[in-house]
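The structure under discussion appears below in the form of structure tokens.
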Amino acid sequence: MDKDRRAHTRQGAASPWAPSTVLVTGGAGFLGSHACVDLLDHGYEVIVVDDYINSRPQVFARVERIAGRFVGAVYELDIRDRRALSAVFARHSVDAVMHFASLKSVNASLETPVEHYDTNVGGTTSLLRTMHEHGVHRLVFSSSCSLYGDAGPGPLDESTPTRPRNPYAFSKWVCERILADICRHRPEYTVLSLRYFNPAGAHPSGLLGEDPRGVPDNLMPHLAQVAVGRRERLEVFGADYPTPDGTGVRDYIHVMDAVEAHRVALDHLVDAPGMRVFNLGLGQGRSVLDVVSVFSEACGRQVPYEIGPRRPGDVAVRVADASAVTRAWGWRPTRDLVDMCRDAWRFQELNPYGYADSDRRPKPKH
Ligand code: NAD
Ligand code: WQD
């Protein structure tokens, strides 16, 4: 689709702003790779930078297979390397940036906080300096529900006071503060910061999904690796929370909905000056045991689990009030937990060892 046609067909198109070339940082990762497919499907030129610290370059063959066309260019670089990043901006005429690249493990951030601040905050300021040098001032930023910390059962809207509780969450909080401050002082910047709750699921083709390096921290990829036989059982982190079944309650959102919101955000970057913040979630709380049960339905067998102690730092319930984005853009997520589990399972079943080694098929142990 060409730029002019897209300007007429996009949601809520009210202005002539129609970004054509989007730089995706962290484009090989879970969210980033799905965003690449979605952007290519909608006629954008996509440029990716990623250092593969938590991803693999093999993902791009999948992206291209699904989208039926190539990512414009992929650069292996660390976004803190300003010289390398600047060369990318010099080579391509970038209209807007989707900034996914960061370290995202809460646990790891407790072990190596300096590394997390350096990558997440230093990476963001490096990106901002480089964007500025090249006259690019439109950014969609990956923020996180972790900013709300233990704000309570919610639903949590964007005015909920932020209470980051770990270095990862603080790093996102600092980035938001920096972005808001830059926007306050420099009118040429517009930023949309999207605070995702719990992205899960996979592309419905089964070609693209979540393939983290090492033991997954997050529930859904861990559950999927148990279901496919890579791990023996899921440990449920605590069943003594004040929730209906005692396990933690979260607001899961399909990764395709999450990346669709980023693409819609591109069109809304110029609706208003400055920085705006939106939650992305379904606004529905689901417990760990709910997710195990829906996933077990999806894969056709009970996924083994055992109840363990609480994970330090976890909260009982975190659910979004995600109505602001619908009011602002008329956009809402359309996929539910059944879709997320079905798609995550399809990816895991077809790619038991992810992108790295997809022909090693383990035998399910149950
Ligand atoms: P991911 O780890 O799969 O993707 C991040 C990508 O960034 C990876 O490909 C990684 O290799 C790359 N990267 C990391 N540091 C880099 C650097 N210095 N230079 C270049 N590339 C680098 O994570 P994800 O789940 O896709 O998350 C994407 C973004 O969304 C992150 O910013 C994360 O904090 C945020 N987020 C994720 C979740 C979630 O649960 N997945 C929830 C809320 C927010
Ligand atoms: C979900 C539920 C766990 C794994 C994290 C980050 C947050 C955001 C989203 C980035 C909880 C339970 C998990 C397992 C389990 N990420 N669980 N066994 O903790 O809600 O949020 O990801 O921004 O910042 O903190 O997500 O998927 O880790 O956990 O019982 O092996 O599953 O206790 O109740 P969480 P999660």
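The values are calculated or read from the model by the stated rules, or taken from the named source; none is laboratory data. This one's a predicted model, so the numbers in the text were calculated from it and none came from an experiment. Cβ: placed from backbone, ideal geometry, glycine included. Neighbour counts: every protein chain shown. Only protein heavy atoms, including side chains, enter the accessible area calculation; ligands, DNA and RNA are left aside. Shrake-Rupley method; radii C 1.70, N 1.55, O 1.52, S 1.80 Å.
Worth a mention:
- Looking across the stretch 24-52, the residues that are more than 16 Å from the chain's Cα centre (by Cα) and within 20 Å of Met131 (Cα to Cα) come down to Tyr44, Glu45, Val46, Ile47, Asp51.
- In the set (1) in a helix (DSSP H, G or I); (2) touching a residue at least 12 places away in the same chain (Cβ under 8 Å); (3) out of contact with any Pro (no Cβ under 8 Å at 6 or more places or on another chain), Pro199 fails one condition alone, (1).
- Number of residues in the stretch 110-132 that are under 14 Å from Leu179 (Cβ atoms) and open to solvent by 80 Å² or more (accessible area, probe 1.4 Å): the value is 2.
- Here is the figure for the stretch 121-150: residues that are on the phi < 0 side of the Ramachandran plot and within 16 Å of ligand 2 (Cβ to nearest atom) total 13.
- Evaluating Leu103 against the criteria (1) among the hydrophobic types (A, V, I, L, M, F, W, C); (2) over 17 Å from His262 (Cα atoms); (3) open to solvent by less than 50 Å² (accessible area, probe 1.4 Å); (4) away from ligand 2 (no atom under 16 Å from the Cβ) leaves one unmet condition, (4).
- Val270 being of a type in the set (A, V, I, L, M, F, W, C) and at pLDDT 95 or above: no
- Scanning the stretch 227-239 turns up no residue that is within 14 Å of ligand 1 (Cβ to nearest atom) and buried (at least 23 other Cβ atoms within 10 Å of the Cβ).
- Subset of the stretch 271-307 [within 11 Å of ligand 2 (Cβ to nearest atom) and open to solvent by 20 Å² or more (accessible area, probe 1.4 Å)]: Gly285, Arg286, Val288, Leu289, Asp290, Tyr305, Glu306, Ile307
- Residue pairs whose Cβ atoms lie under 7 Å apart, separated by 6 or more positions or on different chains, with the first residue in the stretch 52-63 and near ligand 1 (Cβ under 8 Å from one of its atoms) and the second open to solvent by less than 30 Å² (accessible area, probe 1.4 Å) and at pLDDT below 95, are Asn54/Pro212.
- Pro187 being open to solvent by less than 50 Å² (accessible area, probe 1.4 Å) and away from ligand 2 (no atom under 12 Å from the Cβ): no
- Taken over the stretch 33-64, the criterion of being modelled with pLDDT of 95 or more, under 23 Å from Ser86 (Cα atoms) and open to solvent by less than 10 Å² (accessible area, probe 1.4 Å) is satisfied by Ser33, Ala35, Cys36, Leu39, Tyr44, Val46, Ile47, Val48, Val49.
- Test: residue in the stretch 259-270 that is crowded, with 21+ Cβ neighbours inside 10 Å and small (Gly, Ala, Ser): yes
- Residue in the stretch 310-327 that is surrounded by the fewest Cβ atoms within 10 Å (Cβ to Cβ), counting only those that are of a type outside the set (Lys, Arg), outside any loop (DSSP other than H, G, I, E, B) and more than 12 Å from ligand 2 (Cβ to nearest atom): Thr326
- Some residue of the stretch 77-94 being within 13 Å of ligand 2 (Cβ to nearest atom) and out of contact with any strand residue (DSSP E or B) (no Cβ under 6 Å at 6 or more places or on another chain): no
- Within the stretch 77-102, the set of residues being in contact with a Gly (Cβ under 9 Å, 6 or more places away or on another chain) and more than 21 Å from Glu188 (Cα to Cα) comprises Asp78, Ile79, Arg80, Phe100, Ala101, Ser102.
- Single match in Gly214, Gly135, Gly154, Gly209 (criterion: farther than 19 Å from Val288 by Cα, more than 13 Å from ligand 1 (Cβ to nearest atom) and either open to solvent by less than 20 Å² (accessible area, probe 1.4 Å) or not in a strand (DSSP E or B) (or both)): Gly135
- Of Phe89, Phe70, all but one fail to be more than 20 Å from the chain's Cα centre (by Cα) and either of a type outside the set (A, V, I, L, M, F, W, C) or open to solvent by 60 Å² or more (accessible area, probe 1.4 Å) (or both); the exception is Phe70.
- Test: Leu103 is under 25 Å from Pro161 (Cα atoms) and either touching a Ser or Thr at 6+ places or on another chain (Cβ under 8 Å) or modelled with pLDDT under 95 (or both): yes
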